[in-house]
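The values are calculated or read from the model by the stated rules, or taken from the named source; none is laboratory data. What you are looking at is a predicted structure, and each value in this text was computed from that prediction instead of being measured. Note that we place each Cβ from the backbone using ideal geometry, even for glycine, and neighbour counts take in every protein chain shown.
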Amino acid sequence: MSVDAATVRRIAHLARIAVEDAEIEHLKSEINAILAFVEELSQVNIDGVEPMTSVMPMKLPMREDKVTDGGNPARVLANAPQTEDGFFVVPKVVE
Amino acid sequence: MTELTSLTLTEARDGLRAKKFSAVELADAHLRAMENARSLNAYVLETPQKARVMAAESDKRFAKGDARPLEGLAIGIKDMFATEGVRTTACSKILGNFTPTYESTVTSQLWRDGAVLLGKTNNDEFAMGSSNETSAYGPVTSPWRRKGSNAPLVPGGSSGGSAAAVAAQLCLGATGTDTGGSIRQPAAFAGIVGIKPTYGRCSRWGIVAFASSLDQAGPFARTVKDAAILLRSMAGHDPKDSTCSDKEVPDYEKAIGKSVKGMKIGIPKEYRVDGMPVEIEKRWEQGVAWLRKAGAEIVEISLPHTKYALPAYYIVAPAEASSNLARYDGVRYGLRIPGRDMIELYEKTRAAGFGKEVRRRILIGTYVLSAGYYDAYYLRAQKVRTLIKSDFEDAFRNGVNAVLTPATPSSAFAIGEKSGADPVEMYLNDVFTVTVNMAGLPGISVPAGLDASGLPLGLQLIGRPFDEETLFSLGSIIEQEAGHFEPNKWWAA
């Protein structure tokens, strides 16, 4: 499988990364080089094989359902590029 | 007196306990060495004030007879670990001047045990790379040079800064993270010891996430024993990481010097790859001979899915990365480039903040997870991963205690040599290490000698899940036989 220029634009948009028109060809060839490299996997017989979901077999631990953290808006906002009155500031999203 | 920076971590520990020097003196000696080695670019942030405060506290503890296991030992921390009040960027522009308000579990355990922070070490951006050339702070220059050449070499990656700092004696030990070989490959290039423990041995909490099912933290040090001492403090249960094991952490130091008589060592025939340099093969055979001499039994084994590990990795790791890195949105922390609306803000911020390699991996990951391609790529790769793991399980079931392989397919290469048009060329560096992450197993890289150009080569030992002790026992045999390797200090003014 390989990608065309339209697909590169589509996945860049899905990934929310702006890509200049001039970069599309270059990105396309890089992505296709990687896709050609992983193509080898189609040779493997995977019939009846379970996909790996847990690297080391272990039971997912459960904890008591109670609040263990939070209540510190100043710390949450400490690294925000733009804040106002204890909130993150974003461009207008509702008309 | 010998220079304090040339001591091993174990020797420094003993010297501090015997009050031959103070923790402040030890920290100052390292801070001076760091200043003189800035041309290597191993550290992206030096923290001299913090180091002296921590060291002074250690000296108080020594005076009171109240010393902790790592009291006063000066170390470097890879910039992937969140350190409270100390800038943490994963060497990416997108994190800007991010200063965590919390401490990663692994580093908090090192401080709990008395270690002293010297600074944050350089790495490939978001740990994506095998040469430390993708860092937003620029490449690290290896302390090693080829005989008769001044050409700057890479220290390996992604933990290149930590490896260079340990090899150049700019710290007694350092932390790393390993997703596909990022501890073991730079350790091999730098002529030092690096161990990636079993998945779940160290908590991932507070470590900048790359590929969550592959990422593990581990130590770098100049001796196997030093690495064992550091790992004991780094490992252990953490309720904040649901994949972190609650198995007790053994005293790894006790595994050093333990007999390996009767142990079964597997030699996987699939690791004899085409075009493997003769010197790598020679080192491997040498390693076999050393372990045999120590009483181990050598058996040839087959890990038939080895050649699929790297392609499967280049689906699983970018897929998980694309998901993990979705958090960099220009809103909550780090870089922000304004836009007319939310989408434009995201797109511009992420275009400006991510470097080329990171962008490439996010795009690949987004593609393999997108509708219509998920089964063909991601699901298939996760099934192949099950097969890779069962190859190892078969070998272990047949009594194999550990597997011996080369750590890397070559010695260190020059800066710029492999950053050309084809990204796959760089990816091939991880061919021997990546299987271990795919299977979640522990792996250690131990220096095994120098090649004809005078550069270090490493051997890798792969162990059973949570059997790091066997790796330390076997690793110390290789270390005794091969000896230690130090670069010439050409950078010192």
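Can we say B:Tyr367 is surrounded by fewer than 24 Cβ atoms within 10 Å (Cβ to Cβ), within 28 Å of A:Leu14 (Cα to Cα), more than 19 Å from the chain's Cα centre (by Cα) and within 9 Å of chain A (Cβ to nearest Cβ)? No; evaluated as a whole, the condition is false for this residue. There is at least one residue in the stretch B:49-62 that is under 27 Å from B:Trp490 (Cβ atoms), out of contact with any Ser or Thr (no Cβ under 7 Å at 6 or more places or on another chain) and modelled with pLDDT of 95 or more.
If you check B:Phe210 against the conditions, is it farther than 29 Å from B:Gly449 by Cα, away from chain A (no Cβ under 13 Å), crowded, with 24+ Cβ neighbours inside 10 Å and not acidic (Asp, Glu)?
Values: farther than 29 Å from B:Gly449 by Cα: yes; away from chain A (no Cβ under 13 Å): yes; crowded, with 24+ Cβ neighbours inside 10 Å: yes; not acidic (Asp, Glu): yes.
The answer is yes for B:Phe210.
Just so you know, in the stretch A:17-36 the residues that are closer than 16 Å to B:Leu428 by Cβ and at the interface with chain B (Cβ under 7 Å from one of its Cβ atoms) include one that is surrounded by the fewest Cβ atoms within 10 Å (Cβ to Cβ), and it is A:Ala33. Looking at this structure, is B:Gly355 surrounded by fewer than 24 Cβ atoms within 10 Å (Cβ to Cβ), modelled with pLDDT of 95 or more, more than 10 Å from every other protein chain (Cβ to nearest Cβ) and within 23 Å of B:Ser130 (Cβ to Cβ)? Yes. With respect to (1) at the interface with chain B (Cβ under 8 Å from one of its Cβ atoms); (2) surrounded by 12 or more Cβ atoms within 10 Å (Cβ to Cβ); (3) under 23 Å from B:Ile94 (Cα atoms), the lone exception for A:Glu39 is condition (3). Taking first residues from the stretch B:477-493 that are assigned to a loop (DSSP other than H, G, I, E, B) and partners that are aromatic (Phe, Trp, Tyr) and surrounded by 15 or more Cβ atoms within 10 Å (Cβ to Cβ), the Cβ contacts under 7 Å between residues at least 6 apart in sequence or on separate chains come to B:Pro487/B:Trp144.
Going by the conditions given, is B:Leu335 modelled with pLDDT of 95 or more and out of contact with any strand residue (DSSP E or B) (no Cβ under 6 Å at 6 or more places or on another chain)? I'd like the intermediate steps shown before the answer.
Working: modelled with pLDDT of 95 or more: yes; out of contact with any strand residue (DSSP E or B) (no Cβ under 6 Å at 6 or more places or on another chain): yes.
Yes: the conditions hold for B:Leu335.
Total residues in the stretch B:390-433 satisfying the condition of being at pLDDT below 90 and among the β-branched types (Val, Ile, Thr): the figure is 1. Every listed requirement among (1) in contact with a Ser or Thr (Cβ under 9 Å, 6 or more places away or on another chain); (2) in a loop (DSSP other than H, G, I, E, B) is met by A:Glu64 save one, (1).
Could you list all residues from the stretch B:142-192 that are of a type in the set (Phe, Trp, Tyr) and within 22 Å of B:Leu404 (Cα to Cα)? Even if it seems obvious, please write down each step before you answer.
Residues of the stretch B:142-192 of a type in the set (Phe, Trp, Tyr): B:144, B:189.
Listed by number, the list holds a single entry, B:Phe189.
With the condition kept exactly as written, say whether any residue in the stretch B:372-381 is touching a Ser or Thr at 6+ places or on another chain (Cβ under 9 Å), surrounded by 24 or more Cβ atoms within 10 Å (Cβ to Cβ), at the interface with chain A (Cβ under 10 Å from one of its Cβ atoms) and part of a helix (DSSP H, G or I).
Initially, the stretch B:372-381 is screened for residues touching a Ser or Thr at 6+ places or on another chain (Cβ under 9 Å), giving B:376, B:380.
Now narrow it down to the ones that are surrounded by 24 or more Cβ atoms within 10 Å (Cβ to Cβ): none.
Scanning the stretch B:372-381, I find no residue that is touching a Ser or Thr at 6+ places or on another chain (Cβ under 9 Å), surrounded by 24 or more Cβ atoms within 10 Å (Cβ to Cβ), at the interface with chain A (Cβ under 10 Å from one of its Cβ atoms) and part of a helix (DSSP H, G or I), so the answer is no.
B:Arg361 passes every criterion in (1) surrounded by fewer than 22 Cβ atoms within 10 Å (Cβ to Cβ); (2) facing chain A (nearest Cβ under 10 Å); (3) not aliphatic (A, V, I, L, M) apart from (1).
Suppose we keep only residues that are surrounded by 10 or more Cβ atoms within 10 Å (Cβ to Cβ) and under 17 Å from B:Tyr346 (Cβ atoms) within the stretch A:59-95. Which one would you say is nearest to the other protein chains (Cβ to nearest Cβ)? First the steps, then the outcome.
From the stretch A:59-95, those surrounded by 10 or more Cβ atoms within 10 Å (Cβ to Cβ) are A:61, A:72-73, A:75-83, A:87-91; that's our starting set.
Right, trim to under 17 Å from B:Tyr346 (Cβ atoms) and you get A:80-82, A:88-91.
Numbers: A:Ala80: 6, A:Pro81: 4, A:Gln82: 7, A:Phe88: 5, A:Val89: 8, A:Val90: 6, A:Pro91: 5 Å.
The residue in question is A:Pro81.
Select from the stretch B:22-39 the residues that are surrounded by fewer than 17 Cβ atoms within 10 Å (Cβ to Cβ) and outside any helix (DSSP H, G or I) and list them in ascending order. Within the stretch B:22-39, none qualify.
Exactly one residue out of B:Gly275, B:Gly236, B:Gly266 is touching a residue at least 24 places away in the same chain (Cβ under 8 Å) and at positive phi, and it is B:Gly236. Taking the conditions exactly as written (surrounded by 23 or more Cβ atoms within 10 Å (Cβ to Cβ), at the interface with another protein chain (Cβ under 8 Å from one of its Cβ atoms) and over 24 Å from the mean Cα position of the chain (by Cα)), does B:Arg350 satisfy them or not? Yes; evaluated as a whole, the condition is true for this residue.
If the condition is being of a type outside the set (A, V, I, L, M) and not in a helix (DSSP H, G or I), then the stretch B:40-63 contributes B:Asn41, B:Tyr43, B:Glu46, B:Thr47. Filtered by the rule that a residue be of a type in the set (Gly, Ala, Ser) and over 22 Å from B:Ala168 (Cβ atoms), the stretch B:440-474 gives B:Gly440, B:Gly443, B:Ala452, B:Gly463, B:Ser473. The residue that is farthest from the other protein chains (Cβ to nearest Cβ), among those in the stretch B:405-427 that are surrounded by fewer than 19 Cβ atoms within 10 Å (Cβ to Cβ) and in contact with a Lys or Arg (Cβ under 9 Å, 6 or more places away or on another chain), is B:Ala414.
Within the set A:Val38, A:Val76, A:Val8, the sole residue that is in a helix (DSSP H, G or I) and in contact with a Pro (Cβ under 6 Å, 6 or more places away or on another chain) turns out to be A:Val38. Run down A:Ala12, A:Ala33, A:Ala5 and say which single residue is touching an Asp or Glu at 6+ places or on another chain (Cβ under 6 Å) and free of Cβ contacts under 8 Å to residues at least 24 places away in the same chain. On inspection, the qualifying residue turns out to be A:Ala33.
Restricting the stretch B:297-347 to residues that are over 19 Å from B:Asp124 (Cβ atoms), acidic (Asp, Glu) and part of a helix (DSSP H, G or I), the residue that is nearest to the other protein chains (Cβ to nearest Cβ) is B:Glu347.
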